[in-house]
Amino acid sequence: MKRVITLLLLSICWSLTTFGADKKPKKPNIILFFVDDMGWKDPSFMGSDYHETPNLDQMAKEGMVFYNAYSSGPNCAPSRASMISGQYTPRHGKIAVWDAKRGPEDKMRLEPVPDQELSLDNYTMAEALKDGGYVTGIFGKWHIAGEASEQGFMVDQSTEPKEIKFKKTNDPKDIYKLTDEACEFMEDNKDKPFFLYLPHHAVHAKWEARQEMLDYFQAKEKGKLHNNPAYAGMVKHTDESLGTILKKVKELGIDDNTIIIFTSDNGSLGKIHQDPLRGVKGMLYEGGIRVPMVVWYPPKVKAGSSSTVSVVNTDFYPTFLDMAGLKTPKNKILDGESLKGLFYGKAETLKRSSIFYHYPNYLDGKNQRGGRDSYFRNRPVTVVINGDWKLLFFHEEYILDGGVDRIDENNMVELYNIKEDISESNNLALKNKEVRDRLLKDLQQWMDKTNARLAMKPSKENYRPPFQRGKKKNH
């Protein structure tokens, strides 16, 4: 009799435990589909009159579109380092691709702040998710110092740009190889929470496409905005990869517990127009940092929804932790903000007021569309986006041409209302001084807070501390 009672009690306890486990919410799978150099208007649902992105278009219909989404940098490495660390560039030091001093040195008026690599001590998004119970995997472009496996990725199939070439397998940029590997990763881990990071090398130049894809777009009528068959082929190949990922998620029966984010690391190259946006990859005008972004999560994200809130990819780190029910690691500074409330339709705004950029370096790019001059895509600059307003603060004019005392004379500041003037064609720095000075003050406070260094003085007599008034330099 005692044995019967004991077994009965064990059975009841097991049933209660199982019941409790069923009620415990599962951590959602996370897929970050990260495209290289795809511009804001490249997807057909965003306005391309030539490219074809049927899978992304469908994802947008089933999910949420962010029309004011930004990369955290104007080119590859800074954007990726900021996203994976959840921090602005002054905190981690990765400000350039290869070198902070690119271009004709005789045209550089200052010595740029030296570029640094993302430290292995920086506790990354992948490490936080791994320690929170996720299986983490990367398939594609890393482009940050060290190995991805040293920064939290348990399955590391990362590659660098120089390793990706058009092969006899007819797989441009390894698009289909990386997609197949990502699908195998999902298959292997379908019963566990996983973080899949799929950073394609496409659609970065050199542009490659299968011959049948080239033939198709060469025969297609060209658009007024877009008209490059090879690039259009790359876009469609990448869209096919997304379609395969979506199909696999549904086949595995995990679509009710998987969030997918589609976005790009920065704006597009100058040959691929993003009108009406000004600028290209490498610039901090809108064309260099505004990117397409779609979020798909059927149980929580309302189909056909959209947002005009300004978001940036440093937001992904706190967002993923929030969605997974994980706390921010101790002693880890995160510059982003969780987007969970926006995703779930429980919030219409964010707590923060501004997004910042700090690029105290030079980036070559002669005669690029929308540039400030004909020699560089980027000269040392710090930027703040605050609601509808955007201010660009240029270091050269500040340090060498009289500082803030001569702000009305030396073209040190550009101010735009990007809601009314998305093309950044009407500089209001001299017409709306109240907004200009308010944003300059915000910029100063942020630079002090993050220890953001200005581009260096070429000599002691030309040095001017940040935002110091008075003691004008003799001219």
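Examine segment 62-76 for a residue that is modelled with pLDDT of 95 or more, surrounded by fewer than 21 Cβ atoms within 10 Å (Cβ to Cβ), assigned to a helix (DSSP H, G or I) and touching a Ser or Thr at 6+ places or on another chain (Cβ under 7 Å), and state whether such a residue exists. So far as segment 62-76 goes, no, none of its residues is modelled with pLDDT of 95 or more, surrounded by fewer than 21 Cβ atoms within 10 Å (Cβ to Cβ), assigned to a helix (DSSP H, G or I) and touching a Ser or Thr at 6+ places or on another chain (Cβ under 7 Å). When residue 208 is tested against (1) modelled with pLDDT of 95 or more; (2) outside any helix (DSSP H, G or I); (3) more than 15 Å from residue 268 (Cβ to Cβ), only condition (1) is not met.
Note on segment 143-153: residues that are on the phi < 0 side of the Ramachandran plot, surrounded by 18 or more Cβ atoms within 10 Å (Cβ to Cβ) and either modelled with pLDDT of 95 or more or out of contact with any helix residue (DSSP H, G or I) (no Cβ under 8 Å at 6 or more places or on another chain) (or both) amount to 3. Here residue 163 clears all of (1) more than 23 Å from residue 50 (Cα to Cα); (2) surrounded by 17 or more Cβ atoms within 10 Å (Cβ to Cβ) except the condition numbered (2). Applying the condition of being farther than 17 Å from residue 279 by Cα and in contact with a Ser or Thr (Cβ under 6 Å, 6 or more places away or on another chain) to segment 31-51 and asking which residue is surrounded by the fewest Cβ atoms within 10 Å (Cβ to Cβ) yields 44. Of the numbered criteria (1) in a loop (DSSP other than H, G, I, E, B); (2) within 30 Å of residue 424 (Cα to Cα), the one residue 316 fails is (1). When restricted to residues that are assigned to a helix (DSSP H, G or I), buried (at least 18 other Cβ atoms within 10 Å of the Cβ) and hydroxyl-bearing (Ser, Thr, Tyr), segment 218-258 contains 3. When the strands (runs of 3 or more DSSP E) confined to segment 353-395 are screened for residues that are closer than 19 Å to residue 82 by Cβ and among the charged types (D, E, K, R), those reaching at least 1 such residues are found at 376-378, 389-394.
The values are calculated or read from the model by the stated rules, or taken from the named source; none is laboratory data. Computed from a predicted structure; not experimentally measured. Reconstructed Cβ throughout: ideal geometry from the backbone, glycine too, with neighbour counts over all protein chains shown.
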